[in-house]
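Below is one structure, written out as structure tokens; comments come after it.
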Amino acid sequence: MKRCILALACFLMLAHATAAWADTPNIRQSINYFMNYFNEAVVQAIHLKEYEQREKLTRKRPYTQEYVFIQDMNARIEKTLGLALNLCDIYYIYNKTTYCFTKDEKNYLFDRIDNIMDTLQKITETPFNIDQGMVDDKKSFVGKNVVEFNKRIQDLRAFIKTSLVVFQR
């Protein structure tokens, strides 16, 4: 009877550990997430460019609030794209050479990822150089883009936190 209970307990613990293991993303899923992030950010940048051309902001009204916002948002998107590609590279290289990493090299990876996370947070916290009312109006072009951008960054940061498990395996 004791063996049966012990075997049952081991089986339940193994099943629970397997379910928890399956909930965390692996390297391939992480790389796919970063590539999806890249695609979504590029689509937003294209929409910004299309809006700028449709409204003829560069010819009619340069340096209006919307024009300044579009330039600032494009710069932020470019920065985050670079950071997402850096993350993708880190995950990809780690996937290819997991057996080569020492404790110091893993600490470097974690420090690099922490720096990227801090930079992403600073990008979202930096105020735009336009009237705050335009940013707060969630129905306007500016407000919708700010909400979309901030949500994508927060989702990326949350994903990074959950995916750090791949470096500890």
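Pulled fully out, how much extra length does the chain show between residue 106 and residue 53, if you take 0.36 nm times their separation in residues and subtract their Cα-Cα distance?
The residue 106-residue 53 span can extend by a further 14.5 nm.
Taking the dipole about the Cα centre of the stretch 92-169, with the C-beta of Lys and Arg at +1 and of Asp and Glu at -1, give me whichever of 126, 156, 97 is farthest to the positive side.
97
Give, in nm to one decimal, the length gained when the segment between residue 72 and residue 161 is fully stretched (0.36 nm per residue of separation minus the Cα-Cα distance). Mind dumping the intermediate values first?
Values: separation 89, 0.36 × 89 = 32.04 nm, distance 2.71 nm.
That pair, residue 72 and residue 161, stretches by 29.3 nm at full extension.
Using 0.36 nm per residue of separation minus the Cα-Cα distance, give me the extension gain between residue 29 and residue 81 in nm, one decimal.
Values: separation 52, 0.36 × 52 = 18.72 nm, distance 1.80 nm.
In short, 16.9 nm is gained.
Tell me the relative contact order for the stretch 26-167 as a rounded percent, counting alpha carbon contacts under 8 Å between residues six or more apart.
Reported relative contact order: 33 percent.
Bear in mind these aren't lab numbers, they're just calculated from the coordinates by the rules spelled out. Note that the coordinates shown come from a computational prediction; the quantities given were computed from them, not determined experimentally. Virtual Cβ from ideal backbone geometry, glycine too; neighbours counted across all protein chains shown.
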